[in-house]
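What follows is a short report on a single structure.
All of the numbers you see were taken from the coordinates with simple rules; none came from a lab. Because the structure is predicted, anything quoted here is derived from the model rather than measured. Every residue, glycine as well, gets a Cβ built from its backbone with ideal geometry; the counts of neighbours run over all protein chains shown.
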Amino acid sequence: MKKLLHLIISLSLSISISISNLAQAKDIQLDPSLVQDEFHQFVQEFGTALWFNPMAPAETLGVLGFDVSIESTFTDVSDEKSYWKKIFANQETYSYIPAPRLHVQKGLPFNIDIGAMYLAVPDSNIKLWGIEAKYSFIEGSVINPAISIRGSYSRLAGVSDLTMDTKSVDLLISKGFLMFTPYAGVSMVQISGSENSDKVTLANVDETEKRFLLGLQLSLFPLIINAEASFGEVPQYGLKFGMRF
């Protein structure tokens with residue numbers, strides 16, 4: 001157990017150090033030259049980075065199940081577009097937005113899981129919290145896959161110039177094979193954003209996007225390693241290292 005905990009901590013530190021190298025004092029501060037169309041495109045892309053994606057198969061943890069993990073998602077944005085520099089007050093911006101987060105999940109009766117996450121991008125004012133609930137209406141068996149429906153909500157914090165949140169509904173399917181559990185899903189994500197800056201006057205943006213995801217979980221009890229990719233208007237990739245009890 002001590003060796004596994006040491007491995008989790010080492011991997012987590014490696015992720016944090018790598019992300020710190022990517023993120024160097026990149027605070028969101030809206031530039032006065034930002035226009036409505038640019039703001040709309042930014043909300044669509046940045047909202048994907050804030051989305052509380054599943055990072056777990058369809059199967060639930062069970063009544064006694066508990067999962068705590070360190071995760072990071074990387075969202076591929078159009079950093080060559082001029083509006084990204086305007087959003088960051090003409091600072092150098094990201095090619096991929098890094099979003100390291102702490103994710104906790106707990107199993108409940110009746111095939112229900114609940115969870116919460118918190119993230120803070122190093123050397124940035126970007127912070128985020130989120131909650132989730134998942135219900136497996138088909139538990140899955142040796143032969144049949146598990147199928148579940150999941151809802152999540154996330155909200156941006158720490159950025160005085162912006163108010164943003166996401167709401168999503170996911171349909172997930174997974175089937176375990178020994179220590180491997182591949183899974184897939186489709187998600188409807190609603191992204192809402194508004195500016196709070198006295199430098200610009202822009203209308204609120206509400207965008208709904210369909211996304212598809214593929215993932216693979218490796219279970220070496222109690223160690224969990226998970227990789228996930230989701231695709232829509234903006235690609236996103238995630239990696240998870242966790243402990244399951």
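Candidate cross-link partners of K167 among the aspartates and glutamates, defined by an alpha-carbon separation under 18 Å and a same-chain spacing of 8 or more, comprise E45, D113, E132, D206, E207, E209, E233. Name the residue farthest towards the positive end of the dipole of the chain from the options G185, F231, I138, assuming +1 on Cβ of Lys and Arg, -1 on Cβ of Asp and Glu, about the Cα centre. The listed residue farthest towards the positive side: I138. Distances between placed amide hydrogens fall under 5 Å for V159 paired with K127, all partners being 5 or more residues away or on another chain. Each of M55, F88, T163 was scored by the projection of its Cα onto the charge dipole of the range 2-244, and the greatest displacement toward the positive side belongs to M55; charges sit on the C-beta of Lys, Arg, Asp and Glu.
Scale the Cα Rg of the chain by the rule-of-thumb value 2.2 N^0.38 Å and send over the ratio, two decimals. If you can, show how the numbers build up before the last one.
Values: Rg = 18.4 Å, N = 245, 2.2 N^0.38 = 17.8 Å.
This ratio for the chain stands at 1.03.
About the Cα centre, and with charges only on the beta carbon of Lys, Arg (+1) and Asp, Glu (-1), how big is the dipole of the range 78-200? Nearest 20 debye, please. It would help to have the intermediate numbers written out before the result.
Working: 12 positive and 12 negative charges, 39 e Å.
Computed about the Cα centre, the dipole is about 180 debye.
With a threshold of 21 Å on the Cα-Cα distance, the over-threshold entries among K134/K175; K210/K240; K127/K210; K26/K81; K26/K210 are K210/K240; K127/K210; K26/K210. Restricting to DSSP H runs of at least four residues, report the calculated mean residue ellipticity at 222 nm for the chain, -39500 (n - 2.57) per run over all residues, nearest 500 deg cm²/dmol. That calculation yields -5500 deg cm²/dmol at 222 nm. Summing Cβ point charges (Lys, Arg +1; Asp, Glu -1) relative to the Cα centre of the range 2-244 gives a dipole of roughly 980 debye.
Which net charge results for the neighbourhood of S197, defined as the other residues with beta-carbon distances under 12 angstrom from its beta-carbon, given Lys and Arg at +1 and Asp and Glu at -1? In short, -2. Other residues within the sphere of radius under 14 Å centred on the Cβ of S187, judged by their own Cβ, net out at -1 (K and R +1, D and E -1). The order of the peptides 168-175, 43-50 by mean Cβ neighbours within 10 Å, most packed first, is 43-50, 168-175.
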